[in-house]
Amino acid sequence: MSTTIPAAKTRPEATPPPEGTPVPRRKRTPATWFRGGGLQSVLFAIPVVLIFAYFSWGPILQGLVLSFQKTNLVAEPSWVGLSNFEYVLSDPGLAQAVGNTAYFALLALVFGFPVPIILAVLINELRKYDGVYNALAYLPAIIPPVAAILLWKFFYDPSTTGMFNTMLSWVGLGPLPWLNSEALAMPSIVLYATWAGAGSTAIIYIAALRTVSTELYEAAEIDGASIWRRMWSVTVPQLRGVILVMMLLQLIGTFQIFTEPFLFTGGGPNNATQTILLKIYNYAFVYGDFGAATALSVMLAAFLCLLSAVYLWATKRWSPS
Amino acid sequence: MSYFQDNAPAGDTATLVIAEDTQARRARRRLGRRGPVEAKERGVISFADRKRRTVRVWLRIIQSVALVGLVFAGLGPLIWSAKASITGTQDIISDPMGIFFAPNEWGNLILAWNGAQIGQSLRNTVFVAVGATISTLVISVLAAYILAVMRPRWAPILSGAILATLFLPGVISLVPLYLTVLDLPGLNISLLNTFWAVWLPAGASAFNVVILQRFFTSIPKEILEAARIDGAGPLRVLWTIVLPLSRPILGVVALLAAIAAWKDFLWPMLVLPDPLLQPVSVVLPALAKGPTPLAVQMAAVFLTLLIPVVLFLIFQKQFLRGVGTAGGIKG
């Protein structure tokens, strides 16, 4: 870096005119463009544009194109119209994958979403040791997911000597089949996902809670509002902007769930945890059908864009202007 | 579009959070002599409430239950994993809760480190995380600098193109990104089985560009102007003024990039099929599927989570503040 600085110094006239000040418009020639730092900004932009073109813009456009093509990496790709979409939509497993994904999103929303909010309010009310609570809550988020999933997979052992079943037996409940049963597999994954994600989301809510003005609480208190009432009528409305954004982000995230079902169950038992992303993975990297995989990806992405648009439109009324 | 409008004040909130944080800390320091109890500003529950008996009792109960729950959920698995890593397979399977009374088998850790190649794959993970962090920092700093400080005529086009990717879910580019890495268009290079396949895509992060751009824009124009009048070129302004001023936000971006790279599983699994290059997150599940004894697996799991947990426990203050700041921007 230091070697380039003298080079930059030798051209002191490369300073662009100060922004905002009304400069009389001169004729733009290549020379003024060069002296205005035009070349340098282009040089700076080259790595940015290359990286984004190759690894962001390109793949997005290619995804749209591939969904209308047949590719097997050897022969030239050929246009096949909508047949990839037809193939994916007629897949008998699709409905279940969509249903499972929606079920996961719903369970995570109903049971997982309030946990970090409650945790944040609780930690925010602590007068001391809040750092300890904070760190403890964040610990699960710092464990690499793969290691945590392997641990939990062992905890979910369905035999009577399994970790969770041993704990349940202390309170007289019974061994549960956990990941081995079609009914319990998805809730088990949601339980893990809530444990893994609550701490990091709570940190965001805590940061938001700090910005709630204490005068609002004082005013509510003078008006005779109880602690619960203050929570409902001051804290929750003050957080609603953050809550709305976090809810949308969580929805988008849960619809793209992959690692947890892939490592916990691989989609089983009997496809009970088969999700859309697992299907995309199988299409592309198990069967080598990149057309079908991108077609399903494009449909999921379109659905998520639509969902976000509808969500933002529907919640406009509640979001702080 | 209203997403932008929602987001715009959130950036100010984030800086407010930081400002308020330092204020609160100063206040705490001042009040520290009088007593730590009054140091913090009130929340939902006021000081008057806290003097009431029922409130105090309930608060004590709720906080104790929460603490027990958090210790159980946060620390429990870690402690169990630590003991399981030095316990025999038979003991772990027959009585997972009783392993604390089982004899120690230190050999597990050595078997995992050498035999199961956890040492090698941890080195790979460090490699992946460091490279991805550098790539993210370089690209997003350059992009944010162009958009916020240099502002050429075509900046709005670049800004729009980068922002557009923020709204598209990642799933759309997973498969094509893989095909891109297999054969870079126009170059005929395959990045498969090279760390570049993990490092370079990490650079294309619109979210980090937005965070940095917002911070760079808030740097007072007068400082940049003064440097330019003194004859500093764009690179020098970036290196000697913009970067030193934005050290905290650079730390946050680097931290988030490193954590994301450390945790990532699917992408490295796809582009690094060679076991000698795979990071630990890819090696572990393969290990669990193979014939490795459970005790060695558990030792491998413990070695994997040890480094991030220790780093977190050492730097937790900076860590939580950084993550909170980023969240404030995101929110």
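The values are calculated or read from the model by the stated rules, or taken from the named source; none is laboratory data. Owing to the predicted nature of the structure, the values given are computational and were not obtained by experimental measurement. As a convention, Cβ positions derive from the backbone with ideal geometry for all residues, glycine included, and neighbour counts pool all protein chains shown.
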The correct count of residues that are closer than 30 Å to B:P244 by Cβ and among the charged types (D, E, K, R) in segment B:142-197 is 2
Within segment A:168-186, track down each residue that is touching a Gly at 6+ places or on another chain (Cβ under 7 Å) and of a type in the set (S, T, N, Q).
none
Given the criteria surrounded by 22 or more Cβ atoms within 10 Å (Cβ to Cβ) and within 8 Å of chain A (Cβ to nearest Cβ), does B:L270 qualify?
no
Check off (1) within 14 Å of chain B (Cβ to nearest Cβ); (2) more than 20 Å from A:Y287 (Cβ to Cβ); (3) in a loop (DSSP other than H, G, I, E, B) for A:G81 and give me the number that stays unchecked.
(1)
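Taking the criterion of being more than 30 Å from B:L294 (Cα to Cα) and crowded, with 16+ Cβ neighbours inside 10 Å, would at least one residue in segment A:152-171 satisfy it?
The answer is no, given that none of the residues of segment A:152-171 is more than 30 Å from B:L294 (Cα to Cα) and crowded, with 16+ Cβ neighbours inside 10 Å.
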Of the residues in segment A:31-59, how many are at the interface with another protein chain (Cβ under 7 Å from one of its Cβ atoms) and within 15 Å of B:A164 (Cβ to Cβ)?
7
List the helices (runs of 4 or more DSSP H) inside segment A:112-168, counting only whole elements, that have at least 3 residues being under 13 Å from B:L70 (Cα atoms) and at the interface with chain B (Cβ under 7 Å from one of its Cβ atoms).
A:130-142
Could you list, in sequence order, the residues of segment B:119-151 that are crowded, with 22+ Cβ neighbours inside 10 Å, β-branched (V, I, T) and within 22 Å of the chain's Cα centre (by Cα)?
B:T125, B:V128, B:T133, B:T136, B:I139, B:V141
Just give me the residues in segment A:197-222 being within 26 Å of the chain's Cα centre (by Cα) and more than 10 Å from chain B (Cβ to nearest Cβ), in sequence order.
A:G197
For segment B:39-120, give me every one of the helices (runs of 4 or more DSSP H) that falls completely inside it and has 1 or more residues that are touching a residue at least 40 places away in the same chain (Cβ under 8 Å) and either away from every other protein chain (no Cβ under 11 Å) or at negative phi (or both).
B:76-84, B:89-94, B:107-110
Restricting segment B:152-165 to residues that are more than 7 Å from chain A (Cβ to nearest Cβ) and surrounded by 14 or more Cβ atoms within 10 Å (Cβ to Cβ), the one nearest to B:D264 (Cα to Cα) turns out to be B:L163
Just for helices (runs of 4 or more DSSP H) wholly inside segment A:257-321: which have at least 2 residues that are surrounded by 15 or more Cβ atoms within 10 Å (Cβ to Cβ) and free of Cβ contacts under 8 Å to residues at least 24 places away in the same chain?
A:276-281, A:290-314
Could you name every one of the helices (runs of 4 or more DSSP H) located completely within segment B:246-330 that has at least 2 residues being in the same structural domain as B:V171 (by TED's automatic domain parsing), more than 30 Å from B:L192 (Cβ to Cβ) and under 19 Å from the mean Cα position of the chain (by Cα)?
B:247-263
Only one of (1) surrounded by fewer than 23 Cβ atoms within 10 Å (Cβ to Cβ); (2) among the small types (G, A, S); (3) over 21 Å from A:E260 (Cβ atoms) is not met by B:A286, so which one is it?
(3)
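Hand me the list of helices (runs of 4 or more DSSP H) wholly inside segment A:1-76 holding 1 or more residues that are within 28 Å of A:F290 (Cα to Cα) and at pLDDT below 90.
A:58-66
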